[in-house]
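Asker: Before anything else, here's the structure in question.
The values are calculated or read from the model by the stated rules, or taken from the named source; none is laboratory data. Owing to the predicted nature of the structure, the values given are computational and were not obtained by experimental measurement. All Cβ positions, even for glycine, are placed from backbone atoms using ideal geometry, and neighbour counts span all protein chains on display. Calculation scope for accessible area: heavy atoms of the full protein, side chains included, ligands and nucleic acids excluded. Shrake-Rupley method; radii C 1.70, N 1.55, O 1.52, S 1.80 Å.
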Amino acid sequence: MTHDHDLVLRPTEAQTAAALDPPKGRTGGDLVVETLAGLGATTVFGLPGQHALGMFDALRRSSLRYVGLRTENNAGFAADAYGRITGEAAPLLLSTGPGALMSLAALQEAAAASAPVLAIGSQIPVAGLGGGRHGYLHELRDQQASFRDVVKSVHTARTQSQIPSAIAAAWESALTAPHGPVWVEIPQDVLTAETPLPVVTAMDATPEDVVPRPELTAVAADLLSKAERPAIIAGGGVVRSDASGKLRALAELIDAPVVTTFGGKGAFPWKHPLSLQSWLEDRHTTDFLEDADVLLVVGSGLGELSSNYHTFAPRGRVIQIEADAGKLESNHPALGIHADARVALQALLETARERTDPTAPERVSAVLGKVRERIAAQGLDLEQQVVAAVREALPARAPSFWDMTILAYWAWSAFDARHPNTMHSAQGAGGLGYAFPAALGAAVADPSQPVLAVSGDGGAMYSIAELATAKQYGLDVTWLVVDDGGYGILREYMTDAYGAATGTELARPDFVALAESFGVPAVRTTPDTLATDLAAALATPGPSLVLLPALLRMFEPTHL
């Protein structure tokens, strides 16, 4: 009997001839780039280092596009954004020791946000592996250990023949829901030695869908169909699985109000009659969700921010759909359904019965009215003006990337993302310096749209070097820097908690002059001219910087 896979695995005559007589001068580094190309990669990010030069030399002989950033952490942020925008695994090439370790903060953000990043690092020569102290440059006792608690999976290739399989396994892991970063390491001498192995051809490492158990979706559909006051919390998993259309269809089928988490911005239309928008840090929203008799949580673990700092205490039945099994019922008891959001929502659409509730839009409108009243009473007109100006200037489908700064904290709740997968921030891991290098990665991923990065002056200093990268590659990124003279949000936190702030005030450069020294056009703006200046910068091809000196304040929290 002949099986289909037997036919697939049988090489053609041309493949056999090429395999028997591979090109001369190839190394282990060529096996790396050939495998990446065979898996479908087109672009790699990174930073060269001595042990990794075999990979970088091989790029000359490949069709892969290389985008180099100025620090490994920023290269990781760029790869993270490329993965978020494309849904593909973004290769990140790194060197041993300091170069590898510099990427850890970026990989932590990718892990928290489920961004598929395929980090490939070099290692000391094979003879130095095993934990002995041989004194090699960049030597660590156990380099993998530094990554194991951050990434989804760790893979090692100690010989050249192991390289394609290790990278293919890592690729599949990165793209299996939930997406995430993975780590591959290859010793220096394995990368630099000439290889007799044939050229790597196309490889299939397509991950399997994470499908729900049908008996669970049947129960969930029945609960939602019979609910008196159903509600939905839509998280980042809805965006990552491209399930926004199915979410809307389900919400309209059962007349369920929807709130999106900060990671799920754009998953549900902002101005839809059933949209509670994203006011999760507001007690009025929290009260409404607690009152639901059936609450569907899809693509969210209900973590600190999504639960109004763990003050959320649902009183009804919770249904949680989550591709990360570790997040299932980690914060609240639920009917836990381990599944990709798209597949599970489709199952619910096929089994749930229509229910109508003409009061749902009225109840949603009442909550949003209370939220507006609460914010209006705090004298925060400047902050709302700035958020509105950014929304006015930014094209509807242009992606934006936000650092951990006060304007971003406002945007989590108050910004209309308009479309799925267009608003991204570092709220997963919460590190500084994400916005600008991530925006560069997005511009590489999709040059058809301008990209916006938003930073405070403190966070901007993490990424100044990447102005050179933006200029070198001509990337269409506009960087809005809000200058309040320090770490503004930490200044607020410390003043509120201790009566005074320590370590938050910063000397900073003339950002306009500094950008211009890189050949990047820049302008100083005001809240009144921000919309016009930002729109002009976004409409001008290539990198630009807009500086807004402004002291913004956060709205009062409701969780204390």
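Asker: What lysines sit close enough to Lys327 to cross-link, taking a C-alpha to C-alpha distance under 26 Å and skipping anything fewer than 8 places away on the same chain?
Answerer: Counting by Cα, and skipping residues close in sequence, Lys327 has these lysines nearby: Lys152, Lys246, Lys265.
Asker: Give the carbon-plus-sulfur fraction of the accessible surface of region 62-111 in %, rounded to a whole number; probe 1.4 Å, heavy atoms of protein chains only.
Answerer: Of the solvent-accessible surface of region 62-111, carbon and sulfur hold 55 percent.
Asker: Report, in whole Å, the centroid distance computed from the Cα atoms of region 297-364 and region 38-60.
Answerer: Region 297-364 and region 38-60 have Cα centres separated by 41 Å.
Asker: How high is the FRET efficiency from Leu137 to Asp293, r the C-beta distance, R0 51 Å, rounded to 0.05?
Answerer: It comes out at approximately 0.20.
Asker: Write out the trypsin sites (Lys or Arg not before Pro) in region 386-450 meeting two conditions: DSSP loop, and at most 16 other Cβ atoms within 10 Å of their Cβ.
Answerer: Arg397
Asker: Given labels modelled 7 Å from the Cα in the Cβ direction, how far is it in nm from Thr351 to Arg524?
Answerer: 6.3 nm
Asker: Amide H to amide H under 5 Å from Ala398: which residues, 5+ apart in sequence or cross-chain, H placed 1.01 Å off N in plane?
Answerer: none
Asker: Round to a whole number: what % of the accessible area of region 259-308 belongs to carbon and sulfur, probe 1.4 Å?
Answerer: Using a 1.4 Å probe with all protein chains present, region 259-308 comes out at 50 percent carbon and sulfur.
Asker: At R0 = 41 Å, how high is the FRET efficiency between Ala500 and Tyr66 if r is their beta carbon distance? Nearest 0.05 is fine.
Answerer: 0.30
Asker: Which loop GluC sites (Glu not before Pro) in region 170-227, with loop taken from DSSP, have no more than 14 other Cβ atoms within 10 angstrom of their Cβ?
Answerer: Glu208
Asker: Right, another one. Roughly how big is the chain's charge dipole about its Cα centre, with Cβ charges of +1 (Lys, Arg) and -1 (Asp, Glu), in debye to the nearest 20?
Answerer: Using only the charged Cβ atoms, the result is roughly 240 debye.
Asker: Quick one: accessible area per residue over the chain, 1.4 Å probe, rounded to a whole number of Å²?
Answerer: 40 Å²
Asker: Of all beta bridges DSSP finds with both residues in the chain, what is the antiparallel percent, to the nearest 5?
Answerer: Looking only at bridges with both residues in the chain, the antiparallel portion is about 5 percent.
Asker: Counting other C-beta atoms within 10 Å, and keeping those with at most 14, which DSSP coil trypsin sites (Lys or Arg not before Pro) do you find in region 130-235?
Answerer: Answer in residue order: Arg133, Arg141.
Asker: Mean separation of Cα pairs under 8 Å and 6+ residues apart, divided by the residue count of the chain: what relative contact order is that in percent?
Answerer: 13 percent
Asker: Run through every distinct alpha carbon pair of region 178-317 and return the Kirkwood hydrodynamic radius in angstroms, one decimal place.
Answerer: 17.7 Å
Asker: If you bin the C-alpha pair distances of region 419-484 every 10 Å from 0, what whole percents do you get?
Answerer: 22, 55, 23, 0
Asker: By how many nm would the segment from Asp149 to His310 grow when fully extended, if each residue of separation counts as 0.36 nm and the alpha-carbon distance is taken off?
Answerer: Between Asp149 and His310, full extension yields an extra 55.5 nm.
Asker: Over what distance in Å are the Cα centres of region 224-291 and region 381-434 separated?
Answerer: One Cα centre to the other: 19 Å.
Asker: Now for a different question. Rank Tyr493, Tyr498 by accessible area, highest first, at a 1.4 Å probe radius?
Answerer: The residues order as Tyr498, Tyr493, largest area first.
Asker: Another one. Taking Cα atoms, how many degrees apart are the long axis of helix 341-351 and the longest axis of the chain, rounded to 10 and kept between 0 and 90?
Answerer: Taking Cα atoms only, the helix is inclined about 60 degrees.
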